[in-house]
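These notes concern the structure reproduced below.
Read-outs throughout are calculated quantities, based only on the coordinates presented, and are distinct from any laboratory measurement. Quick caveat: nothing in here was measured; it's all calculated off a predicted structure. Counting neighbours? That spans all protein chains shown, and the Cβs are built from the backbone with ideal geometry, glycine included.
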Amino acid sequence: MTADAASVNGAILRRLSRLTGSAPLMLAFSNLARAGSYLLPVPLLYWYCGAPTAAFWLLAVTLIGIQNLLFLGAPQVFVRILAVARAGGLQSERSDRVLAEAAICRLMRVVFNAASVVITLITATAGTLAVANVVRQSANSADLWAAWCVVVLGSPLRILLLSRLTFLNGRGDIAKPRCADGLAWSLGGVVAAAAVWATGSVLAMTLAAQAPVAILCLWLVRRGRRAHWDDLVRQREPGAIGAAFREVWSPTWRAGLGILLSLGARQGAGVLLAQYASAEETAAYLLAINAMAVLMMLTSTPLQSALHTMSTHYARSETQAHVNVAEKARSQSLWIVALLTGAIALAIPMLALLSVQRAFVSLRVWTELAIGLFIQRYGAAHLQHYTITNRVVWHWLDGATGVINIALCFVLIPRMHGEGAALANLLSLLPVYAWVPTVLAVRHFAMAWPRVDHGIVAPALAGTAMFAIAGLIGGGFR
């Protein structure tokens, strides 16, 4: 190898090392890989197994997502208090005790072990009832029931994975575990798709998808052991675990209840739809909802990356500076919404040319989902900005929105099926979420409204134009 070639290779390796060593990038990679691994086999399931089988898999993915919501955001709280405890000890607001890492880790073990039992039982009972209607519509019901057993029995494995990622994250070890997590889920998606192509069996696909995740769990358990997980959970101090629980519970239920009601309502709409609609219509809507979940992840990036800067300006009383940062992040987020949902809208009429138009929702339903996402991201942007004051209100904002969504779902889905679910999501945002965060932020920071929101006009117009073109190509919003 010449000196020039070695220099180029060294530069590539250094750049790759910087990428894989970046915690934010690897966290985003991990989240996207998880979503993508579940969606990658879907086209092949349609092609080789039919719509009922695709509907079953997408419904199983939705139920797995609901499993994560049942933690009420506790993993994020554990990460925060572990990081603080590691930095020198966490003084409990409800006790004169300084919480140590050992007490927090012991509480984590109790929470995650209990969750393994409870969530597995819920999935085995309520989850089984939820997928039964779709399975009955399939010609391969035995294969689907066997695959569902693997999904149920895989619940403790996914919870073990979450527990070790949470522990390592709280210890400051983020990039490498998240890189490994992303690689494992990416490989799982690839081998799952290959299994469908080779065998046409959902059971084979599900087993293949679990293999890389099982190997990842073994690696994370070993890495956690090197980070002293086993040593920490063996330590005993009377009353310490109770103090840790009191510190974790308050922020967990406040943030988690809102998340459970809001995101749970969106995902639960697909479960309810499966009880009324055909497998084909259910699969189309669940695919759209999973696409929306990926878009929500991408559109939240500008806001999340701006939080640190906004908080710093706020701490220095630099009001105009954090207002400007918030306005820029809000505009960037809404541009991503407009362009990505618009691009998908333009692709919908093209599905008819491939004779697979029923594999996705109609342009009308997608438009309703896109408008809902635009409103949700707009409200979330103002809410994130307002939250730098450390006034937490998202639990009742998300909670009220979720309750309205759930009520509307029970009214609209039996009558309108997929469009009813999309309308329920859209209409639930209007009473509270569409305007209350804006009022809170505008009043607290004395912003000039509507001038402060001029950055939303261009993405709104661009998105409208793309959807209008899609309507002209497809012959209207049907």
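Just want the ordering: 316, 106, from fewest to most Cβ atoms lying within 10 Å of their own Cβ.
Fewest to most other Cβ atoms nearby, the residues stand as 316, 106.
Hey, what's the Kirkwood Rh for region 300-478 if you take every pair of different alpha carbons, in angstrom?
Kirkwood radius, region 300-478: 17.5 Å.
Take 436, 221, 131 and order them by how many other Cβ atoms sit within 10 Å, fewest up front.
Least crowded to most crowded, the residues run 221, 436, 131.
May I ask you to compute the full-extension gain from residue 311 to residue 435, defined as 0.36 nm times their residue separation minus their alpha-carbon distance, rounded to one decimal in nm?
42.4 nm
Apply 1/(1 + (r/R0)^6) to the Cβ-Cβ distance of residue 410 and residue 297, taking R0 = 30 Å, and write down the FRET efficiency to the nearest 0.05.
0.60
Express in whole angstrom the spacing between the alpha-carbon centres of region 141-156 and region 389-415.
Using only Cα atoms to place each centre, the spacing works out to 31 Å.
Under the rule a/c < 1.5 gives rounded, and otherwise a/b versus b/c splits prolate from oblate, where does region 361-404 land using the Cα gyration tensor?
Oblate is the answer for region 361-404, as a/c is 1.5 or above yet b/c matches or exceeds a/b.
Could you give each residue of region 399-409 its phi-based ³J(HN,Hα) in whole Hz, using Karplus coefficients 6.51, -1.76, 1.60 with θ = phi - 60°, and x for Gly or Pro?
Result, rounded to whole Hz: x, 4, 4, x, 5, 4, 4, 4, 4, 5, 4.
Please give the length that would be gained between residue 16 and residue 443 if that part of the chain were fully extended, namely 0.36 nm times their separation in residues minus their C-alpha to C-alpha distance (nm, one decimal).
This chain segment gains 149.2 nm when fully extended.
Taking R0 as 56 Å, what's the FRET efficiency between residue 328 and residue 142 from their Cβ-Cβ distance, rounded to 0.05?
0.55
What is the extension gain from residue 194 to residue 222, computed as 0.36 nm multiplied by their sequence separation minus the C-alpha to C-alpha distance, in nm to one decimal?
7.2 nm
Using a simple spin-label model with points 7 Å from Cα along the Cα→Cβ vector, what separation in nm is obtained for residue 339 and residue 215?
Roughly 3.6 nm, to one decimal.
Using the basic label-point model (7 angstrom from Cα toward the beta carbon), what is the residue 457 to residue 275 distance in nanometres?
Distance between the two pseudo-spin positions: 4.7 nm.
Take the alpha carbon atoms of region 99-197, find their radius of gyration, then divide it by 2.2 N^0.38 Å using N residues; give the quotient.
Compared with the compact-globule rule of thumb, region 99-197 sits at 1.37.
For the residues 409, 179, 105, 149, what sequence is obtained by ranking on other C-beta atoms within 10 Å, fewest first?
149, 179, 409, 105
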